[in-house]
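Q: Here's a structure for you.
The values are calculated or read from the model by the stated rules, or taken from the named source; none is laboratory data. Being a predicted model, the structure only gives us computed values, none of them experimental. Every residue, glycine among them, receives a Cβ derived from its backbone with ideal geometry; neighbour counts consider all protein chains shown.
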């Protein structure tokens, strides 16, 4: 390749009149679909970074207890509303390894708030792979091993502590296990109902379509937030956190399926007239096989993109219900429950770190939206 003075590039290879100029294009067109999807998705930087971040977040969920230095409800009565602590490597110009600076609480009865004085002269090294509070690794294996812990006589509150002296960083990690999972369960329920009813209505039509459409219109005419509140308030207060979690997930899924069912129905109405569907019917294929093998795969990309864009709504729904006290309740830990504990605006003004659980919610919702945009653009690789 030669660069001319005017900046143009010229191929030095001799011209071959027998060379197929469309060879490269055919190579791309003959490549497997997943290769074309990956090539296009890789160019969507925001979607790729968001996908990697979400993958890391979900892989972290089973070992959240190992990463967290404390258990979610472990209290430190001498450190109420403690400020965030940093992990330092140097102290007074000398390298001593990862350590924390102990804090001593001081109550100000004039301003009615807590102050903490750092003890700079007594740095305390962190302990790694240490023993702490007991938790269940991946929800199955009971253990008390943690990645790092504070030495005896010190604390390690990376994001501060709340009104009961509980570590905010540890509670965010444990809360992710419920807040991120509720979207997956809710979207599973929503997709099962939406695809099921939408495909039946779109493929069979007639009275079946009319009945399903009227049901969808009735459900969509109901105000969503009051319906959430009514269904959540109906959950018995004596139920355990796990039962409430599954009920909340199912409620969110039950209220989200009508929109998906309508889009599936409209797609089926157009696809059922295609020649390959008519050919399958003439060959004796049953409706179930036609729907599963011929119709659904044709707009699977739309369904995947819809799923990634619907999960944030589920997460925000759980957060809103828990914030209002109608979703998950203590001792369960979710991001919404943590925000419920931080409703006092006066406390947030004095101790702003108690509102930190808002940040993972915002980041995760944005990541799902960026991932959905990237998948929507790349799952149809032949579209320019």
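Q: Output the residues belonging to the range 41-60 that are at pLDDT below 90 and loosely packed, with under 14 Cβ neighbours inside 10 Å.
A: 42, 43, 45
Here is a yes/no grid of residues against (1) farther than 28 Å from residue 237 by Cα; (2) modelled with pLDDT of 85 or more:
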| position | (1), (2) |
| --- | --- |
| 342 | no, no |
| 345 | no, no |
| 359 | yes, yes |
| 378 | yes, no |
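Q: On to the next question. Considering only residues that are more than 19 Å from residue 205 (Cβ to Cβ), surrounded by 11 or more Cβ atoms within 10 Å (Cβ to Cβ) and more than 39 Å from the chain's Cα centre (by Cα), which ones fall in the range 271-302?
A: 279
Q: What are the residue pairs meeting all of these: first residue in the range 243-260, first residue without any contact (Cβ under 8 Å) to a residue 40 or more places away in the chain, second residue outside any helix (DSSP H, G or I), Cβ atoms under 7 Å, and 6 or more apart or on different chains?
A: 247/235
Q: Condition check: within 30 Å of residue 55 (Cα to Cα), surrounded by 15 or more Cβ atoms within 10 Å (Cβ to Cβ), in contact with a helix residue (DSSP H, G or I) (Cβ under 8 Å, 6 or more places away or on another chain) and at pLDDT below 80. Does residue 324 satisfy that?
A: When the stated conditions are applied, residue 324 passes them.
Q: Please enumerate the residues belonging to the range 80-121 that are without any contact (Cβ under 8 Å) to a residue 24 or more places away in the chain and not in a loop (DSSP other than H, G, I, E, B).
A: 89, 90, 94, 95, 104, 106, 107, 108, 115, 117, 118
Q: Let me confirm something: among 285, 313, 280, 261, which residue is modelled with pLDDT of 80 or more, out of contact with any strand residue (DSSP E or B) (no Cβ under 7 Å at 6 or more places or on another chain) and not in a helix (DSSP H, G or I)?
A: When all the criteria are applied, what remains is 285.
Q: Tell me, please, whether a residue that is touching a residue at least 60 places away in the same chain (Cβ under 8 Å) and surrounded by 19 or more Cβ atoms within 10 Å (Cβ to Cβ) can be found in the range 207-216.
A: No: zero hits.
Q: Moving to a separate point now. How about the range 362-381: which of its residues are over 8 Å from residue 47 (Cα atoms) and either surrounded by fewer than 19 Cβ atoms within 10 Å (Cβ to Cβ) or in contact with a strand residue (DSSP E or B) (Cβ under 7 Å, 6 or more places away or on another chain) (or both)?
A: Matches in the range 362-381: 362, 363, 365, 366, 369, 376, 377, 380.
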